[in-house]
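Worksheet: the structure to be examined is printed underneath.
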Amino acid sequence: MSTLVFLEHHEGELQKDSLGVLGKAAQLGDDVSALIAGSGVEGLAAQAARFGASKVYLADDPALAAPLPQPRVDVAADLIRRHGFDTVLFGATVLTADVAAGLAARLDAGLNWDLVELTQENGKLVGKRPALDDTVYVDVGWKSEPRLALIRTGTFEPVESGGEAGVEQVDVQLQDFSTLATMVEQAHEESEGPSIEEADVIVAGGRGLGGPENFALIEELAKALGGAVAATRAVVDAGWYPYSAQVGQTGKTVTPRLYIAVGISGAIQHKVGMQGSSVIVAINKDPNAPIFEYADLGVVGDLHQIVPKLTELVNAKNAAHFPRG
Amino acid sequence: MDIPPIESGAGMKIAVCAKVVPEQARRIDPETKRLDRSGEQTLNPFDANAVEEALRLKGDDAGAEVVLVSLGPERSLDALRKALAMGADRVVLVADEAAAGADLILFGQQANDSDGAVMWAAVADRLRRPLISQVAELTVSDGTLRGKRQTEFGYDVIEAPLPVAVAVSDAINEPRYPSLKGIMGAKKKPQQTLSLSDLGVDADRAGEAGSRTEVYAIGEPPPRGETQRIDDDGTGAEKIVEFLLERKAL
């Protein structure tokens, strides 16, 4: 297997999902190459090597500064054709989904998406894909090469192997149509506290909170637990909480150790974003809320009573563990 | 969300690439390992957002045209007629080549049967058009489309000249319900069916034969542990703490 992993980066850091896929590829194959496309990205090569790349291709060009997919399709297609990679892997994001799909068209290649596992079976690469709202798991494969795959967010943990890699600059030649779309503005919200994708504990609020002011209850509990605050699509759309905290199908996929869902009914669109959490606790006044089907502990009751009390108990525990003075 | 007026989208030709999906009781046929499409069919709900946005852009401009482009068997027309009833002008059933002459090629954010969210980037590449995906707000002005979208990191604003391929998020609008008049009128609107050979596409390049991916097996999802549910009798918070300690989650 000769595998290329497309590595996404943001603000000078390779993304965790990209590194996780890189580690998985290194575990499956012999030599794993990585492609880093951007402007001023030379410094990222060493990090890629530490997480499993034995060769790093750098496409470093001001034309690649904005995170837009089409110039990246051009760069990746050239590289894949030149080196004949048989497998090309992506950690799925808004950007990489468009890069992978564009590449599938350009290279006339098969693309499997939303994979949660990759294995070699009798020399054949097999992907596992949840389908129909995760009610079935489908084993999928490819009939031709290169095999393209998008891996679901949060699937593979990065593994630091501490290696070194040869680094090669690649020529950046772009198609005329690839540069027509331009980034005119980027607004990146800085959220307070740990980002929800990295957080060990998440307290999430939904429409059941009743209003944006009640997110204070969620924030206090999260603070007591040393965790991050998340929100459902419904409340983000309603403007109660910023998008950066959105969990679910159109938001982030999170896999914390503990996920506390407050006032969240738990429709499938939300479930797909958080079902990988180790322990799920749900508080909701509706006994028929779907979230009770998959919460490890469900409490049917009034969140306005339960949440402040819970915060108080957790704070008391913290004080007992870390006495002041 | 404020929707700014369109300054000059006049006479625009908009193609909406739509999928027809099973209406309910979605199941995979264990024999063929493919989705059972034998029951009632419907317009992919996410594509209704693309139709709605196309109709908004068209407004009352009689020179503009909204053309629905889809791929599927003849009976897909029944489901596609919903878009005509919403107000789209005509349907062309078969392939994306039919969208080649459009100023704007619109997509919904995903198919709700396969959860695929990949068509627009592939079509944009084949048609050599600029691409903007996940658009939650869009305007067209002086031949340039501007789209605002959500990513994992915040909001992007991206511009591209027409003709352009755009995938809209389902947060962009609330699709209208077809009126009774619309439903009646939909039957009379042009509905053109093209075969693969009409388009000069070899049969072995399409459908399952042309697919570059395959399904080996269908399995069960991994089991989750036991779930327990309690009614809060005033000790709910204490019970949560006990549970978390027991699970070493605190």
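Amide H neighbours of A:Trp113 under 5 Å, counting only residues 5+ apart in sequence or on other chains, H built in-plane at 1.01 Å?
A:Leu150
Quick one: helix A:303-321 against the long Cα principal axis of chain A, what's the angle to the nearest 10°, folded into 0 to 90?
Its long axis makes an angle of about 80 degrees.
Whose amide H sits under 5 Å from the amide H of B:Ile218, counting only residues 5 or more places off or on another chain, with H placed in the peptide plane?
Hits under the 5 Å cutoff: A:Asp139.
Apply the Karplus curve 6.51 cos²θ - 1.76 cosθ + 1.60, θ = phi - 60°, to the phi angles in segment A:205-214 and return the couplings in whole Hz, x for Gly and Pro.
x, x, 4, x, 5, x, x, x, 4, 7
A:Lys317: which aspartates and glutamates have alpha carbons under 20 Å from its alpha carbon, excluding same-chain residues fewer than 8 sequence positions away?
Within the straight-line limit of under 20 Å, A:Lys317 reaches these aspartates and glutamates: A:Asp200, A:Glu219, A:Glu220, B:Glu238, B:Glu242, B:Glu246.
Going by the alpha-carbon gyration tensor, a ≥ b ≥ c the square roots of its eigenvalues, is segment B:13-210 rounded (a/c under 1.5) or, if a/c is not under 1.5, prolate (a/b greater than b/c) versus oblate?
rounded
Excluding B:Gln109 itself, what net charge comes from residues whose Cβ is under 13 Å from its Cβ, given Lys and Arg +1 and Asp and Glu -1?
Once all neighbours under 13 Å are counted, the net charge is -3.
For segment A:1-89, which GluC sites (Glu not before Pro) are in a loop by DSSP, counting at most 16 other Cβ atoms within 10 Å?
Within segment A:1-89, the qualifying GluC sites (Glu not before Pro) (loop, at most 16 other Cβ atoms within 10 Å) are A:Glu11.
Which of the pairs A:Lys271/A:Lys309; A:Lys124/B:Lys33; A:Lys16/A:Lys271 have their Cα atoms more than 24 Å apart in this structure?
A:Lys271/A:Lys309
Taking a ≥ b ≥ c as the square roots of the Cα gyration tensor eigenvalues, with a/c under 1.5 meaning rounded and otherwise prolate when a/b beats b/c, else oblate, which class fits segment A:24-105?
Oblate is the answer for segment A:24-105, as a/c is 1.5 or above yet b/c matches or exceeds a/b.
What is the angle, in °, between the Cα long axis of helix A:94-107 and the longest principal axis of the Cα atoms in chain A? Nearest 10 is fine, range 0 to 90.
30
Towards the positive end of the charge dipole of the protein assembly as shown, with charges on Cβ (+1 Lys, Arg; -1 Asp, Glu), say which of B:Pro223, A:Val307, B:Ala186 has the farthest Cα.
Farthest along the dipole direction, towards plus: B:Ala186.
Taking the Cβ of B:Val21 as the centre, find all other residues whose Cβ is under 14 Å away and add up their charges (Lys, Arg: +1; Asp, Glu: -1).
With Lys, Arg at +1 and Asp, Glu at -1, the net is -1.
Run through the DSSP bridge list for segment A:1-131 and note the antiparallel percent, rounded to the nearest 5.
Roughly 30 percent of the beta bridges in segment A:1-131 run antiparallel, per DSSP.
Which loop-located GluC sites (Glu not before Pro) does segment B:176-250 contain, where loop means any DSSP state but H, G, I, E or B and the Cβ has at most 12 other Cβ atoms within 10 Å?
Qualifying residues, ordered by number: B:Glu226.
Determine the distance separating the Cα centre of segment A:231-301 from the Cα centre of segment A:98-118; give it in Å without decimals.
A separation of 29 Å, based on Cα centres.
When we measure straight from the Cα of B:Lys82, which lysines land under 27 angstrom away, once same-chain ones fewer than 8 places off are left out?
Hits, sequence-local ones excluded: B:Lys13, B:Lys19, B:Lys58, B:Lys181, B:Lys187, B:Lys188, B:Lys189.
Could you point to the residue in A:Asn288, A:Asn318, A:Val247 farthest towards the positive end of the protein assembly as shown's charge dipole, with +1 and -1 charges on the Cβ of Lys/Arg and Asp/Glu respectively?
A:Asn288
Tell me which trypsin sites (Lys or Arg not before Pro) from segment B:154-209 have a DSSP coil assignment and no more than 13 other beta carbons within 10 Å of their own.
B:Lys187, B:Lys188
Which of the three applies to segment A:201-321, rounded, prolate or oblate, going by the alpha-carbon gyration tensor with a ≥ b ≥ c and a/c under 1.5 meaning rounded?
rounded
Between beta-carbons, use under 10 Å as the cut-off and find the net charge around B:Pro178, counting Lys and Arg +1, Asp and Glu -1.
+4
Helix B:45-58 versus the longest principal axis of chain B: what angle, 0 to 90°, nearest 10, using Cα atoms?
40
For the protein assembly as shown, what does the helix formula give at 222 nm: sum of -39500 (n - 2.57) over DSSP H segments with n ≥ 4, over the residue count, nearest 500 deg cm²/dmol?
So the calculated ellipticity at 222 nm is -7500 deg cm²/dmol.
What's the magnitude of the charge dipole for segment A:2-179 around its Cα centre, counting Lys and Arg as +1 and Asp and Glu as -1 at the beta-carbon? Answer in Debye, nearest 20.
400
Just so you know, all these numbers are worked out from the coordinates, no wet-lab data involved. In this text the structure is predicted, and so the values were computed from the model without any measurement. Backbone-built Cβ (ideal geometry, glycine too); neighbour counts: all protein chains shown.
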